[in-house]
């Protein structure tokens, strides 16, 4: 239970950092709140199939892709990329706080967080 709370607090901290970064580079906090929901457009892929939906959803919810946008934006001086990366990162962080993870192709409700919900098995001293 402690680990679950600890990870949620860590994600909440990453969300707060994203908000501060967005506002710190000149973004408007109201725009942040509005744009925060745009990565969920990736769910539209589920209209085609579970596989396409998982791919489109995960592309917009993967923190590595968010970081890539931020790094490219910084390296090539493209502020829009930085803003997009921060929004993607913030959205992914708040999703993790709420218990939503990257999707598996089997079903929308199957996520990478499911593995961490299993109770640890006892280790015998045999």
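Restricted to Cα atoms, segment 1-52 shows a radius of gyration and a Dmax of 15.4, 39 angstrom.
Relative to the dominant Cα principal axis of the chain, helix 79-97 is inclined by about 30°. Rounded to the nearest 10 degrees, the angle from helix 50-59 to the longest Cα principal axis of the chain is 50 degrees.
Let me have the 222 nm mean residue ellipticity of the chain computed from DSSP H runs of 4+ only, each contributing -39500 (n - 2.57), with the sum over all residues rounded to the nearest 500.
On the way: 6 runs with 76 residues, N = 126.
Taken over the chain, the calculation gives -19000 deg cm²/dmol.
With a cut-off of 8 Å between alpha carbons and a minimum separation of six or more residues, what is the relative contact order of segment 2-117 in percent?
Details: 155 pairs, mean separation 33.2, N = 116.
It comes to 29 percent, rounded to a whole number.
Once both axes come from the Cα atoms, what is the angle between helix 2-24 and the longest principal axis of the chain, in degrees from 0 to 90, rounded to 10? Relative to the chain, helix 2-24 is tipped by roughly 10 degrees. If you sort the three axes of the alpha carbon gyration tensor as a ≥ b ≥ c, you get a/c of 1.5 or more for the chain and a/b no higher than b/c, which makes it oblate.
Taken together, the values in this text are just the output of simple stated rules run on the coordinates, not laboratory data. All values derive from a computational prediction rather than experimental measurement.
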